[in-house]
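This report refers to the structure that appears directly beneath it.
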Amino acid sequence: QVQLVESGGGLVQAGGSLRLSCRVSAITFRFIDMGWYRQAPGKQRELVASITSIGNTNYTDSVKGRFTISRDNAKNTVYLQMDSLNREDTAVYYCKIVGTPYWGQGTQVTVSS
């Protein structure tokens, strides 16, 4: 059974950094495209960043220059490095296998001022 397990969320002050990890099991990781999404209270879930199987990346405008998505195929893991965090980044962050119904359980990121 395909599983996505996220880690790395938490509470951080504005201007700080966090790195999220998402480990994927029971699927050939190197062939899949991955995405990080987030959902803030009262808002729709949005795509934050994505990375293809060959490493091409894409970001939503609000995180460009601050967030970096990467992958380690040997570890079946995708990462989201988040720098210069601000309060608008507060949300539950989810990883997802693009084009499938498989999601992680979500990890809370809270940025305090």
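No lab work stands behind these numbers, since they all come straight from the coordinates. Since this is a predicted model, take the numbers as computed values, not measurements. Here the Cβ is made from the backbone with ideal geometry for all residues, glycine too, and neighbour counts use every protein chain on show.
Placing +1 on each Lys and Arg Cβ and -1 on each Asp and Glu Cβ, with no other charges, gives the chain a dipole about its Cα centre of roughly 120 debye. Where the alpha-carbon atoms of the stretch 5-66 are placed on the principal axes, they occupy 36, 24, 23 Å, in descending order. List the residues of the stretch 87-106 whose backbone N lies under 19 Å from a point placed 7 Å from the Cα of T28 along the Cα-to-Cβ direction. Output list for this probe position: 97-102. Against the compact-protein benchmark of 2.2 N^0.38 Å, the Cα-based radius of gyration of the stretch 1-40 scales to 1.46. Counting only residues at least eight positions apart within a chain, or on another chain, the lysines with an alpha carbon under 22 Å from that of K43 are K64, K96. Which of the listed residues, T60, Y79, V109, is farthest toward the dipole's positive end in the chain, when Lys, Arg count +1 and Asp, Glu count -1 at the beta-carbon? Comparing the listed Cα positions along the dipole, Y79 ranks first.
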